[in-house]
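A short worksheet on the structure shown next.
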Amino acid sequence: MADTPVSRIIDARELAPPEPMELTLEALDTLPRGEELQLWLLREPFPLYNILKNNGFAHRVEYCDDGRFIVHIRHAGA
Amino acid sequence: MAAELSFEQAPPLSVPLRFFFTAPLFALAAGLLLVLRGDAVFASRWTPEALALTHLLTVGMMLQVMVGALFQVLPVAAGANLWRPRVLAALVHPALTLGGIALAAGFLGAGALAFHAAIALLGTALVAVFACASAGLWHTPALGPTVWGLRAAVVALAVAAALGFALALARNGVLEPAWLALSALHQGWALGGWAGLLLAAVAWLVVPMFLLTPSYPAWFARALSIGVAVLMVAGSALWLSGWQSAEAALAIGLALAAAAFAAATLALQRRRRRKVADACLRFWQLAMASLAALAPLLAWDVAAGDPTGGALPVLVGVLALAGGFLSVMLGMLYKIVPFILWLHLRRRISRPPAMTRLVTEGRQLLHFRLHLAGVAALLVAVWLPLAAIAAGVLLALSGGLLAANLGGALKVYLAAGAGAEPARQPG
């Protein structure tokens with residue numbers, strides 16, 4: 001997954017719910033297979049994980065020292 | 001694609017909403033009691049009317065909101081549902097509702113049967129909530145202060161309820177009257193332990209999330225939760241061992257914790273990234289100002305004795321319940337309910353209406369002003385019994401407006417969902 005090209009970054013650190021989820025779900029509509037969507041947040045989006053899992057997306061979470069959670073999302077098996 | 005997304009993990013919409021729609025009815029009942037018997041409510045915190053009003057607000061209204069929110073917060077905070085949410089809600093909601101009514105009736109003189117019914121019904125509800133929340137909370141892989149705070153709060157709820165049941169049995173004559181002395185511990189565990197720890201645990205999550213503030217410092221969140229938990233356990237043990245000053249030490253400890261929490265939250269809110277002062281922020285600010293104001297009063301009451309002849313504890317109670325916990329709950333309901341309606345709409349239609357359309361900012365601000373006037377009237381009524389009538393009317397109106405606003409959001413949800421449905425039918 002580390003080599004997957006990043007097609008888009010959503011920086012949702014300044015957004016109140018449900019804007020981060022809204023933007024992410026919209027972006028997933030057009031996410032090409034083999035490419036990655038990054039979601040930047042200041043917390044872990046637990047409800048999103050279930051939605052991703054149930055809809056054929058794989059994700060990995062990275063926690064950065066600056067307090068960011070980076071959720072790397074791509075099509076499962078891609 | 002969005003409309004076809006699967007959201008199975010979120011609890012069904014009817015699960016939290018039934019609690020949120022029942023809560024305003026208890027506010028209406030509490031308002032009515034204030035209008036009819038306000039003089040007795042404010043005569044002392046121990047009058048049957050004062051106890052009935054307190055429990056209409058705490059067990060009737062607030063516990064409904066808190067249990068309903070637990071169904072919703074647990075998946076968000078911990079990635080774990082309460083076990084079998086639909087079955088659990090079907091059992092807990094009627095038991096909690098009827099138990100709250102029975103308890104208030106018991107205080108108002110309905111007799112031993114009402115207290116027995118309250119113990120059985122509330123006992124069933126709380127044992128079920130405790131078991132299912134514990135199962136979810138202890139098995140989640142999630143870490144952090146919110147999960148630990150929720151665990152501690154749920155344990156405190158069990159202790160507060162057990163103490164409450166002992167008190168109900170003592171009022172019934174089943175237990176010796178000496179057991180009534182446990183009421184100090186019951187208040188401490190119910191307000192400081194359960195409600196206080198739950199408020200803090202939810203705040204670590206929702207203050208940064210909804211009010212767009214920086215996060216609480218990790219050391220602060222940990223120290224406050226652990227400090228309150230240790231205080232409750234050690235203070236109770238010392239109280240049970242007969243140490244004279246245990247009650248004062250517990251009260252002063254909780255006052256310090258409330259003041260520290262209020263100061264930290266207000267400081268974070270001043271540093272919020274989006275400088276919009278919406279209704280939710282105002283509800284939080286009122287709550288934190290109330291907690292900050294009650295802390296020295298509570299400390300003064302226990303340290304120097306009450307020089308006001310019973311008014312001080314009532315004042316502390318008004319600030320804690322109406323000013324503090326109720327304000328936060330109203331503010332959060334206006335975030336949580338539109339959010340879950342939006343989330344469920346998103347399941348069915350790809351472009352749901354904006355969350356702000358479900359309950360408009362204007363309606364939320366109207367409710368904030370009404371609630372603020374209600375809190376002010378309650379504070380005045382501590383000294384001027386006539387103001388209790390105004391406070392009762394305002395509290396009842398607040399319950400009515402909450403029901404109307406939540407009902408309005410549900411109406412938008414149903415209309416948006418109904419409008420979109422035919423478009424998704426094949427053919």
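The values are calculated or read from the model by the stated rules, or taken from the named source; none is laboratory data. What you are looking at is a predicted structure, and each value in this text was computed from that prediction instead of being measured. Note: ideal-geometry Cβ built from the backbone for every residue, glycine included; neighbour counts use all protein chains shown. Remember, those area values only see protein heavy atoms, side chains included, never the ligands or the DNA or RNA. Shrake-Rupley method; radii C 1.70, N 1.55, O 1.52, S 1.80 Å.
Laid out as a table, the results:
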| read-out | value |
| --- | --- |
| Nearest-20 debye value, the protein assembly as shown charge dipole, Cβ charges on Lys, Arg, Asp, Glu | 720 |
| Kirkwood hydrodynamic radius of segment B:41-97, from inverse mean 1/r over distinct Cα pairs, in Å | 13.0 |
| Sites B:A277 and B:A303, calculated FRET efficiency, Cβ-Cβ separation with R0 35 Å, nearest 0.05 | 0.45 |
| Viscosity 1.306 mPa s, temperature 10 °C, Stokes-Einstein D of chain B from Kirkwood C-alpha radius, µm²/s | 72 |
| Stokes-Einstein D in µm²/s, Kirkwood radius over Cα pairs - segment B:197-262 at 25 °C with 0.890 mPa s viscosity | 189 |
| Cα lying deepest toward the dipole's positive end in the protein assembly as shown, options B:L266, A:S7, B:G192, charges on Cβ | A:S7 |
| Simple label model, 7 Å out from Cα along Cβ direction - B:W83 to A:I70, nm | 4.0 |
| Approximate shape of segment B:52-190 as ellipsoid semi-axes (Cα gyration tensor, √5λ), whole Å, largest first | 28, 16, 11 |
| Inter-chain Cβ neighbour average for residues A:50-57, partner chain, 10 Å | 4 |
| Net dipole in debye of chain A [+1 Lys, Arg Cβ; -1 Asp, Glu Cβ; about Cα centre; nearest 20] | 280 |
| C-alpha center-to-center spacing [segment A:3-33, segment B:240-307] in angstrom | 39 |
| Candidates B:V380, B:V65, B:V228: whichever shows maximal mean-square fluctuation once chain B is modelled as a Gaussian network with Cα springs under 10 Å | B:V380 |
| Neighbour net charge for B:F107 - beta-carbon separation under 15 angstrom, K R +1, D E -1 | +2 |
| Whole-Å distance, taken between Cα centres, linking segment B:310-365 and segment B:8-87 | 13 |
| Debye intensity ratio in log₁₀ form over the Cα atoms of segment A:11-78, taken at each q of 0.13, 0.21 Å⁻¹ | -0.32, -0.86 |
| Solvent-accessible ranking of A:D29, A:D65, B:D306, largest area first, probe 1.4 Å | A:D65, A:D29, B:D306 |
| Net charge of Cβ neighbours under 14 Å - reference B:A128; Lys, Arg +1; Asp, Glu -1 | +2 |
| Taking segment B:198-262 and dividing mean pair separation by its residue count, relative contact order in percent (alpha carbons under 8 Å, at least six apart) | 27 |
| Sites matching GluC sites (Glu not before Pro) across chain A that sit in DSSP coil, with at most 13 neighbouring C-beta atoms within 10 Å | A:E14 |
| Net +/- balance of residues flanking B:L281 in space, Cβ distance below 12 Å, scoring K and R +1, D and E -1 | +4 |
| Length-normalised contact order for segment B:36-105 - Cα pairs under 8 Å, 6+ apart - percent | 35 |
| GNM result for chain B, Cα springs below 10 Å: residue of B:I119, B:I349, B:I336 fluctuating most strongly | B:I349 |
| Partner chain coverage, peptide A:11-24 - average Cβ within 10 angstrom | 4 |
| Set of lysines near B:K275 by C-alpha distance (under 18 Å), chain-local residues within fewer than 8 positions excluded | B:K335 |
| Percent RCO, i.e. relative contact order, over chain B, from Cα pairs under 8 Å lying at least 6 residues apart | 20 |
| Percent of beta bridges antiparallel (DSSP, the protein assembly as shown, rounded to nearest 5) | 70 |
| Quarter of Cα convex hull surface for the protein assembly as shown, i.e. mean projection, nm² | 23.9 |
| Three-way shape label, segment B:289-345, alpha-carbon gyration tensor, a/c 1.5 | prolate |
| Farthest positive-ward along chain B dipole, Cα basis, beta-carbon charges - from B:F26, B:P75, B:L386 | B:P75 |
| Computed helical MRE - 222 nm, the protein assembly as shown, DSSP H runs ≥ 4 contributing -39500 (n - 2.57), nearest 500 | -22500 deg cm²/dmol |
